[in-house]
Each structure stands twice: as structure tokens, then as C-alpha cells.
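Structure record follows, encoded as C-alpha cells.
The values are calculated or read from the model by the stated rules, or taken from the named source; none is laboratory data. Quick caveat, the model's predicted, so the values are computed rather than measured. Because the Cβ atoms are built from the backbone with ideal geometry, glycine has one as well, and the counts that use them run over all protein chains shown. Only protein heavy atoms, including side chains, enter the accessible area calculation; ligands, DNA and RNA are left aside. Shrake-Rupley method; radii C 1.70, N 1.55, O 1.52, S 1.80 Å.
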Amino acid sequence: MFDQYFQRVVVWVGGGNQRTFISIRIELPRGSNLERTNQLVNFFEDKLSALPEVEQYTASIQETFASMEV
């Protein structure tokens, strides 16, 4: 799903009882506003919520970038 939208995807795999997750960083050009960044995060949250294999995700949004952990 993410390879359509991102140039680079990193998957972190923990050992033992640690969980596996994908870390996503969305960067917008300088001068972008919080509303646009939030729109992009909402777009991906909608996609993620439709995937039954995704147990949880979190997002942190700032004006010109956001990070998500899936």
C-alpha cells in the first residue's frame, strides 16, 4: 500500500516478544500548513483502518511533517 506514496519504507522487526512495526515520516515543503499535513495523515489513517491485520497505529502531526507508527 505505501509503496505508491513513499519513496522509502523502513520496517522494524524486534526480537523475542517485541513487536514489528513500520515507521512513516511525511515531510511537506516549508510553508505548508497544519491543515494540509493533517489531511495527509487522515488519508493514511483511513487506509490503515480498513486493513484487518493492522492492530494499532499512532500519529504525531506538526506543521511541515508528521510521523506515524503502524
Some residue of the range 20-27 being surrounded by 10 or more Cβ atoms within 10 Å (Cβ to Cβ), within 14 Å of the chain's Cα centre (by Cα) and outside any strand (DSSP E or B)
no
Of (1) outside any helix (DSSP H, G or I); (2) open to solvent by 100 Å² or more (accessible area, probe 1.4 Å); (3) at pLDDT 85 or above, R36 satisfies all except one. Which?
(1)
List every residue pair whose Cβ atoms lie under 9 Å apart, where the two residues are 6 or more positions apart in sequence or sit on different chains, the first residue falls within the range 46-70 and is free of Cβ contacts under 8 Å to residues at least 40 places away in the same chain and within 12 Å of I22 (Cβ to Cβ), and the second residue, located anywhere, is among the hydroxyl-bearing types (S, T, Y) and assigned to a loop (DSSP other than H, G, I, E, B).
L48/Y57
Would you check which residues across the range 39-66 are open to solvent by less than 50 Å² (accessible area, probe 1.4 Å), out of contact with any Asp or Glu (no Cβ under 9 Å at 6 or more places or on another chain) and not in a helix (DSSP H, G or I) and list them?
V54
